[in-house]
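For reference, the structure is listed below as structure tokens.
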Amino acid sequence: MLRLAKIRLPNGYHRWHMLFIDKPSAAQALLDGAFEQLTLEHSTSDIFVDPSRRFIVKAPLRRNRWVDNLAKLAGLTPADKESRGAELLTSCGLKTPAVLARALPLNPSAKYRSLLYLEYLDGAISLSDYLRHHPAATDRQTLLDQTADELAMMMAQGVLFRDFHFGNLMRSAQGELYWIDTEVKHYPRAPEKAQERFLKNHALFKKRFFGHGGTEAEWPAFNNRVLQTSC
């Protein structure tokens, strides 16, 4: 479903967009225009949520005007890439928040490169925060094993998660894992390249493991599970 819409956000942003609606049943809610802005540390995007907590809007800030405009013409905006990544991960059997819509600004000087409307996961917490604040949680090892297995499953199917760290997974109120910020690289004809690229950045992977709630004692088993399962 495609329509032209003027989108207003609470920080004064209001621009005309081409709105690609993936979930037609949510169309009216998406256009109501009442949002609250969330404050998140280290985010390169502005995040907004509707008051009824049905969905969020992810709005990545513009970087280089000409590069961003070329990406828009090629269908490679952040919203496009995350939407495709979410679809690919879902096809691998993993959970992601449902993509409700994507919006592309018509004005090339707009503040945001694109807008991505996603299902709001009520009661969810990032796995990074969960691991940091719940060192003795009974499901801690289960969550680490599941994360390692799912990361390995991606690579076995030629999918590389570009920005892996525990902050890009959410633990739902029911204890389920959801992948977010789903920009991925897919190697359908040479799936072994996913692990090769992963190993090139293995030092960063290890650094992020400790920086996002993992411990020295947990690292060897987690690392081995990722690498052995994906082979």
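The values are calculated or read from the model by the stated rules, or taken from the named source; none is laboratory data. Given the structure is predicted, the values throughout are model-derived calculations rather than measurements. All Cβ positions, glycine included, derive from the backbone under ideal geometry; neighbour counts span all protein chains shown.
Can we say R197 is within 13 Å of L89 (Cα to Cα), out of contact with any helix residue (DSSP H, G or I) (no Cβ under 8 Å at 6 or more places or on another chain) and surrounded by fewer than 16 Cβ atoms within 10 Å (Cβ to Cβ)?
Numbers: within 13 Å of L89 (Cα to Cα): no; out of contact with any helix residue (DSSP H, G or I) (no Cβ under 8 Å at 6 or more places or on another chain): yes; surrounded by fewer than 16 Cβ atoms within 10 Å (Cβ to Cβ): yes.
Criteria not met by R197.
Identify, from the list R54, R15, R84, the residue that is at pLDDT 85 or above, closer than 18 Å to L2 by Cα, under 19 Å from the mean Cα position of the chain (by Cα) and of a type outside the set (A, V, I, L, M).
On the way: R54 fails: closer than 18 Å to L2 by Cα; R15 fails: under 19 Å from the mean Cα position of the chain (by Cα).
Sole residue among the options that is at pLDDT 85 or above, closer than 18 Å to L2 by Cα, under 19 Å from the mean Cα position of the chain (by Cα) and of a type outside the set (A, V, I, L, M): R84.
Could you please find all residues in the stretch 105-130 being touching a helix residue (DSSP H, G or I) at 6+ places or on another chain (Cβ under 6 Å) and surrounded by fewer than 22 Cβ atoms within 10 Å (Cβ to Cβ)?
P108, S126, S128
Matching residues to (1) over 27 Å from F198 (Cα atoms); (2) among the β-branched types (V, I, T); (3) more than 13 Å from the chain's Cα centre (by Cα); (4) not assigned by TED's automatic domain parsing to the domain that holds S52:
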{"position": "A103", "(1), (2), (3), (4)": "yes, no, yes, no"}
{"position": "R113", "(1), (2), (3), (4)": "yes, no, yes, no"}
{"position": "R132", "(1), (2), (3), (4)": "no, no, yes, yes"}
{"position": "A137", "(1), (2), (3), (4)": "yes, no, yes, yes"}
{"position": "T142", "(1), (2), (3), (4)": "no, yes, yes, yes"}
{"position": "D145", "(1), (2), (3), (4)": "no, no, yes, yes"}
{"position": "G158", "(1), (2), (3), (4)": "no, no, yes, yes"}
{"position": "F164", "(1), (2), (3), (4)": "no, no, no, yes"}
{"position": "L169", "(1), (2), (3), (4)": "no, no, no, yes"}
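Within the stretch 111-149, restricting attention to residues that are of a type in the set (V, I, T) and under 28 Å from D80 (Cα atoms), which residue is modelled with the highest pLDDT? Talk me through it step by step, then tell me what you get.
At the first step, the residues of the stretch 111-149 found to be of a type in the set (V, I, T) are 125, 138, 142, 147.
Right, trim to under 28 Å from D80 (Cα atoms) and you get 125, 147.
On the way: I125: 94, T147: 98.
Per the criteria, the residue is T147.
Could you tell me whether any residue of the stretch 168-188 is closer than 16 Å to L94 by Cα and among the small types (G, A, S)?
Yes: one or more hits.
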